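The block underneath contains the structure these notes are about, expressed in structure tokens.
The values are calculated or read from the model by the stated rules, or taken from the named source; none is laboratory data. Only a predicted model underlies this, so the values are computations on that prediction, with no experimental measurement involved. Every residue, glycine among them, receives a Cβ derived from its backbone with ideal geometry; neighbour counts consider all protein chains shown.
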Amino acid sequence: MSFYKNMYSPKLIELFRNPKNVGEMPDADVKVTEGSLACGDMITIFLKVDEETKRITDIKFLSYGCAANIATTSIMTELVKGKTLEEAKKLTFKEIVDALGGLPPVKMHCAVLSIDGLRSAIRKYEEERGIVEVPELDESFIRSRLRRIINPRLGRDIVSTGIIEKISVHEGIVEIDVNMPEDQEFAGYIKEEIRERLERLPNVKELKINFLGG
Ligand code: FES
């Protein structure tokens with residue numbers, strides 16, 4: 001632990017050892033997995049939101065990141081629990097860093113990942129319920145959403161790693177060709193992530209995911 005003691009604040013070490021709000025939430029209103037473009041690590045955020053007041057009544061997370069990511073996401077969940085979605089959107093990574101008593105510069109992106117995960121979860125909730133408008137459904141919109149999915153094998157997103165062969169959009173029907181055999185490691189994960197991000201958008205009528213090769 002002496003390595004951690006030199007690098008991290010006592011609060012961060014405490015939350016790394018005993019993170020708050022960790023775990024799955026089977027009845028979540030929204031679930032999102034967000035990847036860090038800086039390091040390839042991932043977090044999953046689960047939200048429960050009161051329909052009427054739009055308050056976050058519960059939030060949980062799973063982290064596939066480093067000690068700083070576990071601690072920053074833990075404190076993020078504590079800071080937004082009970083807040084309205086509008087209030088939660090205003091939380092900044094700087095407030096997270098301050099609440100932790102500081103973070104080494106090389107670990108700032110870990111706090112950014114926790115904020116990105118929170119904002120993605122809120123946006124998904126609002127888009128799926130028609131609270132905010134979903135941008136026009138075209139290839140570049142689909143590509144921008146797929147760019148948030150990390151390819152676990154390479155630690156980079158599935159667009160820049162070249163496995164998205166083709167995207168076509170026609171009258172709400174989205175078809176995506178993925179350049180990997182369906183039985184390859186992580187193919188199931190990637191398919192599920194694509195579904196999670198696109199399937200419930202109000203302007204997506206049908207989603208077809210084709211795995212090529214094998
Ligand atoms: Fe990747 Fe911290 S989340 S290094």
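Structure above, values below:
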quantity: Number of the exception - residue 64 against (1) away from the ligand (no atom under 16 Å from the Cβ); (2) touching a strand residue (DSSP E or B) at 6+ places or on another chain (Cβ under 6 Å); (3) free of Cβ contacts under 8 Å to residues at least 24 places away in the same chain; calculated: (1)
quantity: Residue that is at pLDDT 95 or above, of a type in the set (Ser, Thr, Tyr) and over 15 Å from the mean Cα position of the chain (by Cα), where the choices are 72, 161, 92, 53; calculated: 53
quantity: Strands (runs of 3 or more DSSP E) contained entirely in the range 139-211, each with at least 1 residues that are polar (S, T, N, Q); calculated: 164-170, 206-211
quantity: Index of the failed condition, residue 145 passing every other in (1) at pLDDT 95 or above; (2) more than 13 Å from the ligand (Cβ to nearest atom); calculated: (1)
quantity: Of all residues in the range 14-73 being of a type in the set (A, V, I, L, M, F, W, C), out of contact with any Leu (no Cβ under 7 Å at 6 or more places or on another chain) and part of a loop (DSSP other than H, G, I, E, B), the one that is surrounded by the most Cβ atoms within 10 Å (Cβ to Cβ); calculated: 25
quantity: Which numbered condition residue 166 fails, given (1) in contact (Cβ under 8 Å) with a residue 24 or more places away in the chain; (2) touching an Asp or Glu at 6+ places or on another chain (Cβ under 7 Å); calculated: (1)
quantity: Residue list for the range 79-136, restricted to those being of a type in the set (D, E, K, R) and surrounded by fewer than 14 Cβ atoms within 10 Å (Cβ to Cβ); calculated: 86, 90, 94, 98, 133, 136
